[in-house]
Amino acid sequence: MDTFENNEMHQAPIPPQEPPIPPQEPPQTSYTYQSAAAGRKESPYADSPYMTGTPRQESPYQHPPQKPPKPRSGRGFVRGLLSLLLVCALVAGGCFITIRQNNLAWSQRLSSMENQHRSELDDLQAQLDALKPEVSLPSGTAAQEGMTPGQLYQSCADSVVAISTTVEATGFYGPASGTASGSGFILSEDGYVVTNYHVVENATEIQVTLHDGQEFAAQLVGKDSSNDIAVLKMDAQDLPAAQIGSSEALVIGDMVAAIGNPLGELSATQTVGYISGINREVTTDNTIINMIQTDAAINPGNSGGPLFNMRGEVIGITTAKYSGTTDSGASIEGIGFAIPIDDVKGIIADLVDFGYVTGAYLGVTVENMDTAAASKYSLPIGAYVRSVEPGMAADRAGIQPKDIIVELGGKTVSSITDLTRALRNYKAGDTTTVTLVRGGSQMTLEVTLDEKPQETTQEPSVPVLPDSEDILGDAFRKFFGN
């Protein structure tokens, strides 16, 4: 038996060799542990027992076999993962709460700043409003307020007609006939048509052609030569009548469109322009007519046709134009005129109902004051009375020649146009007041108005002096039909 002492190994003598023994399985290595109680010297290492037998390993020591590691349970991993997720959730929740509180604080601060700035701006605006003067803008019909020119044409062209007439006249070689042309618009569905009087003057036959090509014979219902208005009637029903507007609110710069029959051949032609002027006193055939000026192209054959605003309403009746050249040789372009529809609404109604104008009649001949002479002699600007018709309203009221009418019925009168418009507010038999200046003194007279004489014996209610300048002259008839 081998023994170990003090960590030194003593080998026993090798016994004599014996005959070879057949190979056998090597014996299992085994150790015999003896304690000090068996009579052996106790090992200096309390935990190292003695061994018996000869180990096969080269090392004099053999470590005891180690236990295999125990497999790790899955519960620990899950717990760790849950702990990590819980920590992440807590961190995220804390960040969210912090960000929300910061956003809320900034929102409150920005709202406070916005309210403060708005209050400051309101104070500044109030100061500006207190400084600038009040301005009342005219209620004109700007282009963007209505239809486009294309839409207007589609909507209104059917209500415009072409008019052609056969005219009998006596010439140097005896009676002669000819033709004239113009335009008009349908006033009502039952066949009434409005045009200029000079389009149908002296006509023996009148023919009206609709936009769709239908032709109708028409009869003259009534006329007012002093305002160049005539009403025709044709035997037709369910016609597309034009919409009548108002010329009162027109301002310079409003867009307008004229539809007519220029040259008597180009029916349903539309031209577009703007209001160039208002209250233009245009003289033709010794008659002054208040007109609208426009740069929409007005040509021969357009007379009597409608002038539309961009809402498709008739606000004027195209009547005349300047053409040719000036004394200096300059060409005249883009100066056309139309009668304001408000000036002739009552006249048209009378012509339809009675065949003549029943408007109020004063019975005076007046002219516009010369502003230079009025300033030189300190005279007021008004309608200067040249003559008074015996037995008529003015004569009965005590109006005399050389009086200057400055007001009628509370309306200021500074021209013939003002007097004519003031009279349109009354009917025959109405009583009103006339304020005038005579010999430097102002007085007010009461006047009862007469009925305007019928066309056959009628003189213009506000005639013009023979020596008045005729702006258009013969060119008016030449270019506009008759």
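The values are calculated or read from the model by the stated rules, or taken from the named source; none is laboratory data. Just so we're clear, the structure is a prediction, and the values are computed from it rather than from any experiment. Backbone-built Cβ (ideal geometry, glycine too); neighbour counts: all protein chains shown. What goes into the accessible areas is simple: the full protein's heavy atoms, side chains included, and nothing from ligands, DNA or RNA. Shrake-Rupley method; radii C 1.70, N 1.55, O 1.52, S 1.80 Å.
So here's what we get for this one:
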| item | result |
| --- | --- |
| Loop trypsin sites (Lys or Arg not before Pro), the range 322-413 (other Cβ atoms within 10 Å of the site Cβ: 13 or fewer; DSSP) | 402 |
| Net lengthening on full extension, residue 263/residue 437 (0.36 nm per residue, minus Cα-Cα) | 57.8 nm |
| Long-range amide H partners of residue 311 with built H, under 5 Å | 147 |
| Three-way shape label, the range 178-305, alpha-carbon gyration tensor, a/c 1.5 | prolate |
| Estimated FRET transfer efficiency (residue 377, residue 446; beta-carbon r; R0 35 Å; 0.05) | 0.80 |
| Restraint check, 376/452; 223/321; 376/402; 376/427; 223/427; 376/411, Cα-Cα greater than 27 Å | 376/452; 376/427 |
| Whole-Hz couplings from phi, Karplus 6.51/-1.76/1.60, listed for the range 219-224; x for Gly and Pro | 10, 7, 8, x, 8, 9 |
| Estimated distance in nm for a label pair at residue 395 and residue 332, the labels positioned 7 Å out from Cα along Cα-to-Cβ | 3.9 nm |
| Length-normalised contact order of the range 142-264 in % [C-alpha pairs under 8 Å, at least 6 apart] | 30 percent |
| Projected label distance in nm at residue 127 and residue 217, using a 7 Å step from Cα toward the beta-carbon | 8.1 nm |
| Ordering of 81-88, 357-364 by burial proxy (mean other Cβ atoms within 10 Å per residue, highest first) | 357-364, 81-88 |
| Taking the range 313-386 and dividing mean pair separation by its residue count, relative contact order in percent (alpha carbons under 8 Å, at least six apart) | 21 percent |
| For residue 221, distant residues with modelled amide H under 5 Å away | 231, 232, 233 |
| Separation of the residue 280 and residue 176 label points, Cα + 7 Å toward Cβ, nm | 3.1 nm |
| Relative contact order for the range 192-265, counting Cα pairs under 8 Å that sit 6 or more residues apart, in percent | 28 percent |
| Exposure of residue 129 as accessible area (Å², to 10), given a probe of 1.4 Å and all protein chains | 70 Å² |
| Karplus 3J(HN,Hα) series, Hz, for the range 287-304 with 6.51 cos²θ - 1.76 cosθ + 1.60 (x for Gly, Pro) | 10, 8, 10, 6, 9, 8, 9, 9, 9, 4, 4, 10, 10, x, x, 7, 4, x |
| Integer Hz, Karplus 6.51/-1.76/1.60 couplings in order for the range 376-388, x for Gly and Pro | 5, 9, 6, 9, x, 8, x, 9, 7, 7, 8, 7, 10 |
